[in-house]
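The values are calculated or read from the model by the stated rules, or taken from the named source; none is laboratory data. Computed from a predicted model, the values in this text were never measured in an experiment. For neighbour counting, all protein chains shown are included, and Cβ atoms are generated from backbone atoms with ideal geometry for every residue, glycine included.
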């Protein structure tokens, strides 16, 4: 029998004339594979400090010393260590009667040492006195059956591809434990016994035991995991590791921004709408840029406002609007910021600008405001802002601006004039506001999202409130450097105005291709990764430094399942909703149709009841 009980039979020779010939059935049976033959390695080499499993190395350690007191969950950092290792814990109960006799002898010995030091006039030894107090306290608890004694063996086996990696893991493990005054040693010349001890056969062949009573023993309980349960905030879901509630307040983090990456149909909009509903109950204002008209029913159900931004919409936003300066701002600051924003807008609208065109646009914007008597000294509370047609009029009279003026015609007089060339008539003085850009032509969506986000930013700066701004399908804004830069500016400056930015996208590649993609991730204290597609998982793993286990968790996650990051912690999460919440936030087409039909049936029934 080999190390794992593996058969190492050699097929005997069948010799002519032998008294006991080997039968064919015996030869066949000697080659039959058993389960232990399958799981055992093909070969291993046992050394004094490690064991070679083919291309892998294993080294087993045992704990030799514990401190006077052990903190709760001291083993948790080891359990959650992002390395390959095995842990075996052997607990052997000790008869209390036997241990009491040893305690009496030990107490008498320590007391005798203390007395001898006193009689010889030596300075008292605090360590002896503490030991005496601890022994007496433990003896009392043993006598009262409050504690029991155990022989405990704690063994750890580390695995690596080579000696260098093994040393690095060993150093990391030792540093982690020795910082808690817990010391380990390798099982020198006992690696075979260490392997058998770690194997799931419940056999302790190392027998390196320490005596622990019940209280410190309970601190070794290994089944621990991170949780994100706080005393305030909203419910994001259930911790899939331990079924605890993931309760968190995004406004308690260094910044209030979040980022959601998920493949289509994995539940990203569902999770976001749940957060919106729950945040409304905690007195937060919510503003959503909705590219797929998914939030219309939610706005209706919660008493919010829904604006449809399109070429034929009755809702308009004038990009030349000027916000009223705050107390810490001057009119000159606001005007300068607005001009910079408009230059970026025209860069998006016109497909880029040369340095000469950029300078012309900048001067034309200033002159357009001056046409309406708006200067750095004006009172912005009593002004009539210009329109895009006023800008086009100024531009047409400038030298070298003929091409720019021609490009603007479709926005001022052509098919796109209904979108930009009208005064603003949008009121955002509600707790929940949704701007839909679904019906906007794809070519104009980045422009629409840029204008809407700037309009929202002006409203945010006007009055200080707790707000959450949701940008769904943010990859539209990442297509252009100007819109991506504006989004990054919101992420960086939002905290000053009590604004949390929630960025959601399914096109991870498009998002990260932008030079502003990673900075936005860096400036987001919360991240939610739901089910990922095999095409994008490697990029997501690299971006968020995921382990292989976390990578496969995202690939195999079901609807509404993934990983939730908050600050330095992250947990596997499952998004859950009550029945009422589900009816409000669902995006499932079959459920949406059923809800609409139920509403229509109810309206018909009420109409018939009123007539009768």
Query raised in the report: Quick one: would you say residue 405 is surrounded by 18 or more Cβ atoms within 10 Å (Cβ to Cβ), touching a residue at least 12 places away in the same chain (Cβ under 8 Å) and either touching a strand residue (DSSP E or B) at 6+ places or on another chain (Cβ under 9 Å) or in a helix (DSSP H, G or I) (or both)?
Result: yes
Requested in this report: Identify all residues within region 278-290 that are surrounded by 21 or more Cβ atoms within 10 Å (Cβ to Cβ) and either in contact with a helix residue (DSSP H, G or I) (Cβ under 6 Å, 6 or more places away or on another chain) or more than 21 Å from residue 560 (Cβ to Cβ) (or both); write none if there are none.
Outcome: 284, 285, 286, 287, 289
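Listed here are the residues, each with its yes/no results for (1) within 26 Å of residue 209 (Cα to Cα); (2) modelled with pLDDT of 80 or more; (3) in a helix (DSSP H, G or I).
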{"residue": "49", "(1), (2), (3)": "yes, yes, no"}
{"residue": "57", "(1), (2), (3)": "yes, yes, no"}
{"residue": "68", "(1), (2), (3)": "yes, no, no"}
{"residue": "107", "(1), (2), (3)": "yes, no, yes"}
Query raised in the report: What are the residues in region 36-64 that are over 37 Å from the mean Cα position of the chain (by Cα) and assigned by TED's automatic domain parsing to the domain that holds residue 208, if any?
Result: 64
Query raised in the report: Quick one: is residue 351 outside any helix (DSSP H, G or I), modelled with pLDDT under 85 and surrounded by fewer than 19 Cβ atoms within 10 Å (Cβ to Cβ)?
Result: yes
Requested in this report: Scan (1) modelled with pLDDT of 80 or more; (2) out of contact with any strand residue (DSSP E or B) (no Cβ under 9 Å at 6 or more places or on another chain); (3) surrounded by 11 or more Cβ atoms within 10 Å (Cβ to Cβ) for the single condition residue 167 breaks and write down its number.
Outcome: (2)
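Yes/no matrix, rows are residues, columns are (1) buried (at least 22 other Cβ atoms within 10 Å of the Cβ); (2) modelled with pLDDT of 85 or more; (3) farther than 30 Å from residue 553 by Cβ:
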| position | (1), (2), (3) |
| --- | --- |
| 242 | no, no, no |
| 246 | yes, yes, no |
| 255 | no, yes, no |
| 262 | yes, yes, no |
| 268 | yes, yes, no |
Query raised in the report: Which of the strands (runs of 3 or more DSSP E) contained wholly in region 453-562 include at least 2 residues that are more than 15 Å from the chain's Cα centre (by Cα)?
Result: 467-471, 499-505
Query raised in the report: Which one of the conditions (1) free of Cβ contacts under 8 Å to residues at least 40 places away in the same chain; (2) under 19 Å from residue 469 (Cβ atoms) does residue 278 fail to meet, given that it meets all the rest?
Result: (1)
Report task. Go through (1) at pLDDT below 85; (2) outside any helix (DSSP H, G or I); (3) closer than 23 Å to residue 279 by Cα and name the single condition residue 415 misses. Result -> (3)
Report task. Sort out for me the helices (runs of 4 or more DSSP H) sitting completely within region 180-295 that have 3 or more residues that are in the same structural domain as residue 539 (by TED's automatic domain parsing) and in contact with a strand residue (DSSP E or B) (Cβ under 9 Å, 6 or more places away or on another chain). Result -> 268-280
